[in-house]
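Here is the structure we will look at.
Computed from the coordinates by the stated procedures, all read-outs in this text should not be read as laboratory data. Predicted model, so just to flag it, every value in this text is computed and none were measured. Quick reminder, even Gly has a Cβ in these numbers, built from the backbone with ideal geometry, and neighbours come from all protein chains shown.
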Amino acid sequence: MKNAMKIYLVGGAVRDKLLQRPVTEKDWVVVGSSPEQMQQLGYTPVGKDFPVFLHPDTKEEYALARTERKTGHGYGGFSFYCAQDVTLEEDLIRRDLTINAMAETAEGEIIDPYNGQQDLADKLLRHVSPAFAEDPVRILRIARFAARYHHLGFRVADETIELMQTMVASGEANHLVAERVWKETERALGEPNPEIFIEVLRSANALALLFPEIDALFGVPQTATHHPEIDTGIHTLMSLQQAVKLGGNSCVRFATLLHDLGKAKTPPEEWPRHIAHESRSLPLVKDLCTRVAAPKEFKELALIVAQWHTHCHRALELKPATLLKVLHSTDALRRPERFEQFLVCCEADARGRTGFETRAYPQADYFRQCLIAAKQVDVAAIQAQGLSGQAFGEALDQQRLTQLSSLKNTFSYKDHS
């Protein structure tokens, strides 16, 4: 039968099997079938834009083979053709990368019309066809794949970078919507090398479009004594690497990425010093988070880190009153888990400098002890005095200051440096 129904495993599952990496989800393409036949076989239709079905038993996604035609701008500007005469090769050519454009038969045969296996061997992320340029989300996806596979030695092919640059120059990338930018960015932040995501976007000229506040950091000098790497953009990416090494989650990594945005606003005549860069950072962080629709918890941590990270670096020099001010301003007493995230960001910042990557950061432990000390107050004794409202809060803080003063007298920088 000419159009007999055939099913193939496709995309990331084939790629990761060949890379001997764990396969987390399986996608299937069905050639030579129709929506009616799929439903007769017990598959449940779920696709909004084109026919996608859930397997009656495994609930994995099975999509009818399709071709695409560009009808407008952006991710949604396509029409789809899903008839029974669409071939597997026609379906695969519409995919983004050659390494994602392979299929596997039920017998285990690899179908590779666009040389994905060779690019796997060469560790290249290369676009399948010029149609890549029709979907601007692919700029973000390729940068994310680069962040995922960098530790295996993969890089983006030069011709793919050039095509991404063309997409930016033509204005196609202007049609990226905030939700898609955030989804891909958050996923990239969770990869082993999220700093590569930023580097690839910058190489494609997309960083200035999507994250101009981050792009502006490159070329801004810092004092060589404290920052041997000099360049603020390089320091930012080094800090992001350290956040990964310290086990920080995506929220921590995002805050670390944005911690120094204000340095791009330092007047050049003040370089390489960056006095008040903390306060300059705050409106930039807010604007960026709003523009990409970052979730509330990401925005809140990023603002706290931007404002207070230098206080953390100077923790061992701060007076008890200032230490308490930081604890209050970061809401550490009520949200100790988030304060711990703040400390990880600060340590990543301190280590994100050439030659400082493994240096001890006693400031974080000191602030952890400050938080413990600030909680060791006798609330019952204050209540017994009949105090309430502002007077109660002031008495509580007085006890906290006493605890912090005692800690300061016993904590030695020399012992923890």
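Structure summary
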{"read-out": "At most 16 other Cβ within 10 Å, DSSP loop - trypsin sites (Lys or Arg not before Pro), the stretch 306-335", "value": "ARG314, ARG334"}
{"read-out": "FRET E, pair SER170, ALA293, Förster distance 35 Å, beta-carbon r, rounded to 0.05", "value": "0.90"}
{"read-out": "Extension gain, ARG359 back to LYS325 (0.36 nm per residue minus Cα-Cα distance, nm)", "value": "9.5 nm"}
{"read-out": "Where N is the number of residues in the chain, Cα Rg divided by 2.2 N^0.38 Å", "value": "1.22"}
{"read-out": "Extension gain, GLU270 back to ILE372 (0.36 nm per residue minus Cα-Cα distance, nm)", "value": "32.8 nm"}
{"read-out": "Over 23 Å between alpha carbons, listed pairs LYS299/LYS408; LYS17/LYS59; LYS26/LYS245", "value": "LYS299/LYS408; LYS26/LYS245"}
{"read-out": "Phi to ³J(HN,Hα) by Karplus 6.51 cos²θ - 1.76 cosθ + 1.60 over the stretch 192-201, Hz, x for Gly, Pro", "value": "x, 10, x, 5, 5, 4, 5, 4, 5, 4"}
{"read-out": "Trypsin sites (Lys or Arg not before Pro) restricted to the stretch 181-273 and DSSP loop, no more than 16 other C-beta within 10 Å", "value": "ARG273"}
{"read-out": "DSSP-defined antiparallel bridges as percent of all bridges, the chain, nearest 5", "value": "75"}
{"read-out": "Coil-residue trypsin sites (Lys or Arg not before Pro) of the stretch 349-379, DSSP, other Cβ within 10 Å capped at 14", "value": "ARG359"}
{"read-out": "In order through the stretch 56-68: 3J(HN,Hα) via Karplus (6.51 cos²θ - 1.76 cosθ + 1.60), integer Hz, x for Gly, Pro", "value": "x, 10, 7, 6, 6, 7, 10, 10, 5, 4, 8, 10, 10"}
{"read-out": "Overall form of the stretch 6-115 per C-alpha gyration tensor (a/c, 1.5; a/b vs b/c)", "value": "oblate"}
{"read-out": "Alpha-carbon spread of the stretch 316-417, three principal axes, descending order, Å", "value": "55, 26, 17"}
{"read-out": "Using a Förster distance of 22 Å, the FRET efficiency for LYS123-LYS183 (Cβ separation, nearest 0.05)", "value": "0.25"}
{"read-out": "Pairwise FRET efficiency - SER388 versus LEU333, Cβ, R0 = 22 Å, nearest 0.05", "value": "0.70"}
{"read-out": "Residue order, fewest to most surrounding Cβ atoms within 10 angstrom, among ASP397, ASP287", "value": "ASP287, ASP397"}
{"read-out": "Cα gyration tensor shape of the stretch 107-258, rounded if a/c is under 1.5, else prolate or oblate by comparing a/b with b/c", "value": "prolate"}
{"read-out": "Under the Karplus curve 6.51 cos²θ - 1.76 cosθ + 1.60, θ = phi - 60°, whole-Hz ³J(HN,Hα) for the stretch 203-216, x wherever Gly or Pro sits", "value": "4, 8, 6, 8, 5, 5, 7, 8, 9, x, 5, 6, 4, 5"}
{"read-out": "Exposed GluC sites (Glu not before Pro) absent - longest run of the chain, DSSP non-H/G/I/E/B, at most 16 other C-beta within 10 Å", "value": "110-356"}
{"read-out": "Gyration tensor (alpha-carbon) shape descriptor, the stretch 206-360, a/c threshold 1.5", "value": "rounded"}
{"read-out": "Helix-only mean residue ellipticity at 222 nm for the chain, each DSSP H run of n ≥ 4 adding -39500 (n - 2.57), per residue, nearest 500", "value": "-15000 deg cm²/dmol"}
